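A short worksheet on the structure shown next.
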Amino acid sequence: MTRRFLFLLGSSRTGGNTETLARKAAEQLPPDTEQRWLSLAEHPLPDFVDLRRDSDHVRPPAAGTEALLLDATLDATDIVIASPLYWYSVSGLTKRYLDYWSGWLRTPGLDFKATLAGRTLWGVTALAHEEQAVADPLVGTLHHSAAYMKMRFGGVLLGNGSKRGDVLDDTGALARAKTFFAQEAPLARFPYER
């Protein structure tokens, strides 16, 4: 299967450290690998309304930005969440996108979970802290989302930087970026499934 990467940029600004690190990793992909880059700030979703308990409600078909993001998600073999570390987890823009997965799971005829099963979820983040353990909640969010969806999880490429461009001084992150997407991503499993 030809790999098709969807890079979802979850920062409120363009050209930040997370995006820079994601682009460095993407440079290592084979030239014929399809890449699609979408900024969640440029394609904002409205607040997610959880209708799971409304048994008589049928979710309307996606339209506008929601349809764009849904179609891009379904088309991708590899989904890369590039979110800066905001308060120890993903950004609000990223969290809202992931909330929409709940609705897409319950959209009749969509088979969202079955479609994503076996595909790969990746993460890229920049943090302004020396201890990478502070990113554990972000890693957990992405890992557990992949586990629930029966996806593979390639892990999270972590870089350090506060001011724009700082991540380019993180030689360890740049070295990891060179092989990040080349690794074999295992099937994600919840800790209690091991």
Efficiency of FRET from Cβ geometry, GLN183 and ASP50, R₀ 35 Å, rounded to 0.05: 0.50
Order of exposure, largest accessible area first, which applies to GLU27, GLU19 with probe 1.4 Å: GLU27, GLU19
Solvent exposure ordering (accessible area, 1.4 Å, most first) of ASP99, ASP169, ASP75: ASP169, ASP75, ASP99
Kyte-Doolittle at least -1.0, axis length at least 18 Å by Cα - qualifying DSSP helices, the chain: 92-105
Relative contact order (%) - the stretch 92-194, alpha-carbon pairs under 8 angstrom, separation at least six: 28
Three-way shape call for the stretch 1-133 based on the alpha-carbon gyration tensor, with the a/c threshold at 1.5: oblate
Spin-label model distance (nm) - LYS95 vs ALA133, 7 Å beyond Cα toward Cβ: 2.4
Per residue value of the accessible surface for the stretch 69-155 (all protein chains in place, 1.4 Å probe), Å²: 39
Rh by Kirkwood over Cα pairs, then Stokes-Einstein D for the stretch 1-53 at 0.890 mPa s and 25 °C, µm²/s: 187
Relative contact order of the chain, defined on C-alpha pairs under 8 angstrom at six or more residues apart (%): 27
Full-stretch length increase - ASP111, ARG3 - with 0.36 nm per residue and alpha-carbon distance subtracted: 36.8 nm
Protein accessible area in the chain, 1.4 Å probe - carbon and sulfur %: 51
LYS163 - accessible surface, heavy atoms, 1.4 Å probe, Å² rounded to 10: 140
Cβ crowding within 10 Å averaged over residues, with 188-194, 113-119, 77-83, 12-18 ranked highest first: 77-83, 12-18, 113-119, 188-194
Nearest-0.05 FRET efficiency for GLN28 and THR171, computed from C-beta distance (R0 22 Å): 0.90
Net charge of neighbours whose Cβ lies under 11 Å from the Cβ of GLN35, counting Lys and Arg as +1 and Asp and Glu as -1: 0
Considering only the stretch 58-194, percent of DSSP beta bridges that pair antiparallel, nearest 5: 15
Charge dipole of the stretch 90-192 about the Cα centre (unit charges at C-beta), most positive-ward option of THR120, ALA177, TRP104: TRP104
Qualifying chymotrypsin sites (Phe, Trp or Tyr not before Pro) for the stretch 78-120 [loop in DSSP, other Cβ within 10 Å: at most 16]: TRP87, TYR88
Solvent-accessible surface (1.4 angstrom probe) belonging to LEU157, in square angstrom, nearest 10: 0
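The values are calculated or read from the model by the stated rules, or taken from the named source; none is laboratory data. Predicted, not measured: the structure shown is a model, and the values here were computed from it. As a convention, Cβ positions derive from the backbone with ideal geometry for all residues, glycine included, and neighbour counts pool all protein chains shown. Areas reflect the complete protein model, heavy atoms only, side chains present, ligands, DNA and RNA absent. Shrake-Rupley method; radii C 1.70, N 1.55, O 1.52, S 1.80 Å.
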